[in-house]
Amino acid sequence: MRTRLKVFFPLSILVVLVLLLPILIMVIASFQSTDGSFSLANYQQVITNHYYLKAIRNSLGISVVASAVSLIIAVIGAWALTRLSQKTKNILITLFNMSASFAGVPLAFSLIILFGNAGVWKAMTAAMHLKDSLEIYSLTGTTLAFTFFEIPLGIMFLFPVFEELNPEWREISAVLGAKPLFFFKKVILPVILPNMIEVFTLLFANAMGTYETIYALTGNSIVTIPILIGTLIDGGLTANIPLACTFATLFALVMTFIVWVGNRVTRSKREAA
Amino acid sequence: MTPKTSRRVAQAIITFLFIYLATPIVVTIIYSFSTSWVKSIAPAGLTLKWYGQLVTNPEFTTALIRSLGLGLLTTVIAMICFLPVVFYANVYSPSVKSHLRFITVLPFTIPGIILVTGLIQLYANLPIPKILILVLAISLLSLPMTYQALDNAFIGRDFRAMFEQALVLGDKPFTAFVKIIIPNIRAGILVAMLLTFTSAFGEYVLTNLLLGGNFETLKIYMFRLMQSNGQASSVLTTIYFLFLALISLILIIIMQRYSAPHKSPKEVPDH
C-alpha cells in the first residue's frame, strides 16, 4: 500500500492542482454573479444573448462540417495507409503525428501566406488573370484550415482499426460468392462503423475546442465558443471571468457526454463480439 | 481490384493527401527565401537576408530560450509523474490502466481554452508564481502523449520477472527500477520525452492567456511577428517546421531501430 501511495503521489498532486481544483472552482464560479452571490444569470445569458448564440452556432457549424469532411478523407487515407510497406507506414505515421504540432499559429500563418490577401495564391491568380473566390478569413476558410489537422488526427485514430481487418475475410466471402459491395456492407462496415462514430466524436470535440488556429487566422472576427471564452478572459474592460466559467463548464459537460457516448458505441460493440 | 492495382490506388491517395497537407508549409518555406512575391507565379528572387535578420535579433534568442526551458521542465515533470505510474500499472496492476484511460481523452473534453479558464479563476489572485502553474498545466495537457508513448514501451516483455529478480538479489525497489527497468525501456522513454517536449515547446493557448503575453515564447513571438512582418514570420515558421522535422526524423530512426521487440514473442526470463 505504501509503495502504491508513493508511485501515485506526483501524478495525484498534479491532477489535483491543475485539473480537479481549477475545474471545481470553475463550476462554482459559473453560478456566481459579478458581486459573488449565487445566481443562474450567467446561464440565462448564454441561451438568450444573440451574440453568444451566434458563437455557439459558428462553433457547431465549423466543427460538424470540418470533422465530417475530415472523417471521410481520413477513412480513405487510413485504408490506403494499410496497403503500404511497414517502413513507409512508420514514417507516415510519425509525420501525421507531427502535423498535429504544426496546427495553430504556424498553420494559420502558412494558410495566410498561401491564400491571404497578400498571399501567393492571389499573386499567382493575378499574374494569370484568373478570378479568385477563396476567402481564407471566412467561415469556409476556417473550416478548410481545420481539415489540415483533423485529417491527420483521424488517420491516426482509424489506422489501427484498419490494420486489424483480416484480408482473409475478403477471400472467404468471395469464395462464398459475395459481391464486393455486399462484402463491404455486411462485413467491413459493421466492424468500422462504431469506430467511425467514435472518431467522429473525437474530431468534433477537437474542433470545438480549437482556439489557437482560429484566433491566429481571423483574430476575434469569427466568434466561436473558444474565441468567446478567450475574449471574456482577456478582454480588459469587457472581461467577465464568471461568464467565461459558465461557457467552459457547459463546454466540458457537453464534450464529456459526447466523447463518452462515442466511447460506449465502440465498447458495446467489442463486448458483443 | 487486384492487390497490385489496389496498392497503386493507395499510393496515389497517400501522395495526394501528402501534397494537400504539405502545400502551405512548402509555400511558406519558399516565401521565407524570396525577396518579394507580388503578382507573379514565382518569387522575384531568392535571398537569405530574412534569416540573418531574425537569427541575430535578441528577441528571437530570448523567445527560443524560454520555449526550450518550458519544454525541458515540462518533460521532467511529466516523466516524474508518469514513469512510476505506467510501470506500476503495467507490471503489478493492469486494472489501474482502465482508470488511467480518462487521461487519454482529456484534451478532447477539457482542451487548453477550458482548462485555462479554471486556472485563472483559481490562481489569478493567489500569491503563487503563474509560471509554476503554467509548467504544471502544460505537463498535465501533454500527459496523454506521454502516457501512450510510455505504455507502448512496456508491451511484450516480462518486466515483473526482471524487477523481482533484482529485488531478490538485494536491490532496493528504486535502485532496481533505475538499474533494470529504465535501461530496458529507454527507447520508449526517449520517444515519450521527445513528444512531450515538442508539445510543450509549441504551447500557445495556456501561455498566452495565463501570463497575458508577458512571457514571450516562440509561438507568441511568432504570432506577434505575423501581425507586423510577414517575411520574418515566414522565417520563424520555417525554423519551427525544421525543428518538428528533426524531431520526426529522430523518432523515425528510433522506431526503425527498436520496432523489432514488439513482434518477437515474449522473452522468457532465465531463472
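The values are calculated or read from the model by the stated rules, or taken from the named source; none is laboratory data. Given the structure is predicted, the values throughout are model-derived calculations rather than measurements. Glycine also receives a Cβ, built like all others from the backbone with ideal geometry; neighbour counts cover every protein chain displayed. To get the accessible areas, we keep the full protein, side chains included, count just its heavy atoms, and leave off ligands, DNA and RNA. Shrake-Rupley method; radii C 1.70, N 1.55, O 1.52, S 1.80 Å.
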Name the shape class, rounded, prolate or oblate, that the alpha-carbon gyration tensor gives for chain A, where a ≥ b ≥ c are the square roots of its eigenvalues, rounded holds for a/c under 1.5, and otherwise prolate holds if a/b is larger than b/c and oblate otherwise.
oblate
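Counting only other chains, and only Cβ atoms inside 10 Å, what mean value do you get across the residues of B:10-23?
Details: counts 8, 4, 1, 7, 10, 1, 4, 11, 4, 0, 4, 10, 2, 5.
Mean shielding by partner chains, rounded to a whole number: 5.
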Computed log₁₀ I(q)/I(0) - Debye formula, equal Cα scatterers, no solvent, the range A:22-144, q 0.14, 0.16 Å⁻¹
-0.94, -1.03
What does the highest-first list of B:25-32, B:108-115 look like by mean Cβ count within 10 Å?
B:108-115, B:25-32
Would you please give the FRET efficiency between residue A:168 and residue B:26, computed as 1/(1 + (r/R0)^6) with r the Cβ-Cβ distance and R0 = 30 Å, to the nearest 0.05?
0.15
For the protein assembly as shown, which whole percent of the accessible surface, found with a 1.4 angstrom probe, sits on carbon and sulfur atoms?
68
Cα-Cα over 29 Å: which of A:89/B:49; A:6/B:97; B:49/B:219; A:89/A:185; B:97/B:179; A:122/B:219?
A:89/B:49
So which trypsin sites (Lys or Arg not before Pro) in the range A:112-209 pass both tests, a DSSP loop state and at most 13 other Cβ atoms within 10 Å of the Cβ?
A:131
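Using the Cα gyration tensor of chain B, with a ≥ b ≥ c the square roots of its eigenvalues, what is the shape: rounded (a/c below 1.5), prolate (a/b larger than b/c) or oblate (neither)?
Values: a/c = 2.25, a/b = 1.40, b/c = 1.61.
It comes out oblate by the Cα gyration axes.
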If you average the C-alpha positions of the range A:84-112 and of the range B:131-158 separately, how far apart do those two centres end up, in angstrom?
20
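Might you tell me the accessible area per residue for the range B:57-263, computed with a 1.4 Å probe and given in Å²? Walk me through the numbers before you get to the answer.
Working: 8480 Å² over 207 residues.
Value for the range B:57-263: 41 Å² per residue.
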Once you treat every alpha carbon in the protein assembly as shown as an equal point and sum by Debye, what is log10 I(q)/I(0) at q = 0.09, 0.10, 0.12 Å⁻¹?
-0.74, -0.91, -1.29
So if R0 is 25 Å, what FRET efficiency would residue B:128 and residue A:47 give, r being the distance between their Cβ atoms, rounded to the nearest 0.05?
0.10
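Taking every residue in A:76-88, how many Cβ atoms of other protein chains lie within 10 Å of its Cβ, on average? Before the final figure, lay out each step's value.
Values: counts 6, 7, 0, 4, 11, 4, 1, 9, 4, 1, 3, 4, 2.
Shielding by partners across A:76-88 averages 4.
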Could you work out the helix-only [θ] at 222 nm for the protein assembly as shown, with each DSSP H run of four or more residues adding -39,500 (n - 2.57) and the total divided by the number of residues, to the nearest 500 deg cm²/dmol?
-24500 deg cm²/dmol
Cut-off under 5 Å, modelled amide H: who pairs with residue A:104 long-range:
A:213
So what are the ³J(HN,Hα) numbers for the range B:72-82, from phi and the Karplus equation (6.51, -1.76, 1.60; θ = phi - 60°), rounded to whole Hz, Gly and Pro as x?
5, 4, 4, 4, 4, 4, 4, 5, 4, 6, 9
When a/c reaches 1.5 or more, the comparison of a/b and b/c decides; with that in mind, is the range A:189-273 rounded, prolate or oblate per its Cα gyration tensor?
oblate
Calculate how steeply helix B:218-228 sits against the longest principal axis of the alpha-carbon atoms of chain B, using the helix alpha-carbon long axis, and give the answer as 0 to 90 degrees to the nearest 10.
20
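Note the buried accessible area between B and A here, summed over both chains, with a 1.4 Å probe, in Å² to the nearest 100. Let's see the in-between values first.
Numbers: alone 16570 and 16900 Å², together 26180 Å².
Its buried surface, counting both partners, is about 7300 Å².
Quick check on the range B:179-266: what are the equivalent-ellipsoid semi-axes from the Cα gyration tensor, as sqrt(5λ), descending, whole Å? Walk me through the numbers on the way to the answer.
Values: eigenvalues 256, 54, 12 Å².
Sorted largest first and rounded, they come to 36, 16, 8 Å.
Quick one: if the Förster radius is 60 Å, what FRET efficiency do residue A:86 and residue A:35 give, using the C-beta to C-beta distance and rounding to 0.05?
Details: r = 63 Å, r/R0 = 1.06.
Between residue A:86 and residue A:35 the formula returns 0.40.
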Long-range amide H partners of residue B:34, meaning residues 5 or more apart or on another chain whose placed amide H is closer than 5 Å, are B:47
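I need the peptides A:145-152, B:145-152, A:6-13 ranked by packing, meaning the mean over residues of other C-beta atoms within 10 angstrom, with the highest value on top. Could you put the intermediate results ahead of the total?
Details: A:145-152: 25.0, B:145-152: 21.2, A:6-13: 16.6.
In descending order of packing, they fall as A:145-152, B:145-152, A:6-13.
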Enter the mean number of other protein chain beta carbons within 10 Å of the beta carbon of each residue in A:208-218, as an integer.
4
Under a 1.4 Å probe, what is the accessible area of chain A per residue, stated in Å²?
49
